[in-house]
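Values quoted throughout were computed directly from the atomic coordinates according to the rules given, and no laboratory measurement underlies them. Predicted, not measured: the structure shown is a model, and the values here were computed from it. Note that we place each Cβ from the backbone using ideal geometry, even for glycine, and neighbour counts take in every protein chain shown.
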């Protein structure tokens, strides 16, 4: 019993350490690929935003972002806006990023939207 | 100076001057350009996000597969901004209450070369051609497209204007301006880069879209039409 509890605690600690590492890598990927449109703060106001006919999603908008599952976000990033009935201005990143990269980005988006 | 009158020496000098100038340019490139520009290819297929995060200048190791020589020589004499927000845009952006803007103070002017050095440097750079085979395989024949159709395709349908300007003040700013792309770049390079930017640069900020040959040609033809329009 004690053993199981300990294993569980360890497993949880490890899982959150991994999630955290994912988010850190995600933060770097986000800076490189996404801030050009979504902004240095993730608020949808990147340097390209003023030139876009559809405004990039504000990733700090807790209500909007909470309305999407991790799978929704994964699909939007990997397949692009068109695949989720959104604007073509949101590119598909599947050829540039690995699935692992996209998962790291989703983990980081979860921090951006909802850490307080 | 008896030797200079001798036809043998005259001939040798005529042969050696351009060669010497080019060797000089190679050395100059190592000394004055390599601090910012990559002159050697990275390991094939390596993706390295840290390299992109800290990149100071566009890679030049395939310059001979990319640029038109005339453009290269004249740009080196009189460089003008190509990337409105620099080579790594997030490093040149700052947040304001209205949204992010380009921080011009972080974008210094490029070094300019005197005419003779620019010519020798252009000759040297045009020899850097590791991707001749890739370009030879490109099936693009320059054609025509109306400006109106081309513009609509570039923006509405393909979303290229999200990151690129197709006129001096129109379009996104994180990518190189494309209104002078046709003057700057070889047509086959344009087609090849649009079809697969990740083949040229595994760390590129440009998404690789799935475009067929005809779609690539329409986009490249639009860049050509922009040049012919004189903008």
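By its C-alpha gyration tensor, with a ≥ b ≥ c as the square roots of the eigenvalues, how is the range B:122-231 shaped: rounded for a/c under 1.5, else prolate for a/b larger than b/c, else oblate? Cα axes put the range B:122-231 in the rounded bin. With the alpha-carbon atoms of the protein assembly as shown aligned to their principal axes, the span from lowest to highest coordinate is 101, 54, 41 Å, starting with the largest.
For the range B:20-229, the pair-distance distribution built from all alpha carbon pairs, in bins 5 Å wide starting at 0, is 1, 7, 13, 19, 19, 18, 13, 7, 2, 0, 0, 0 percent. Taking only Cα atoms, what is the 0 to 90° angle, nearest 10, from helix B:115-126's long axis to the longest principal axis of chain B? For B:115-126 against chain B, the angle is about 70 degrees. According to the calculation over all Cα-Cα pairs in the range A:46-99, the P(r) per 10 Å bin from zero is 23, 52, 25, 0 %. Angle of helix B:7-28 to the longest C-alpha principal axis of chain B, folded into 0 to 90 degrees and rounded to 10: 40°. Counting every other Cβ atom within 10 Å of each residue's Cβ, A:30, B:222, B:61 order from fewest to most as B:61, A:30, B:222. As a length-normalised measure over Cα pairs under 8 Å and 6 or more apart, the relative contact order of chain B settles at 22 percent.
Sorting A:71, A:58, B:213 from the fewest to the most surrounding beta carbons within 10 angstrom yields A:71, B:213, A:58. Counting, for every residue in A:81-92, the Cβ atoms of other protein chains within 10 Å of its Cβ and taking the mean gives 3.
Relative to the longest principal axis of the Cα atoms of chain B, the long axis of helix B:213-228 makes an angle of roughly 70 degrees. Cβ crowding within 10 Å, taken as a proxy for footprinting-reagent exposure, orders B:200, B:182 from fewest neighbours to most as B:200, B:182.
The distance from the alpha carbon centre of the range B:50-117 to that of the range B:154-231 is 17 Å, rounded to a whole number.
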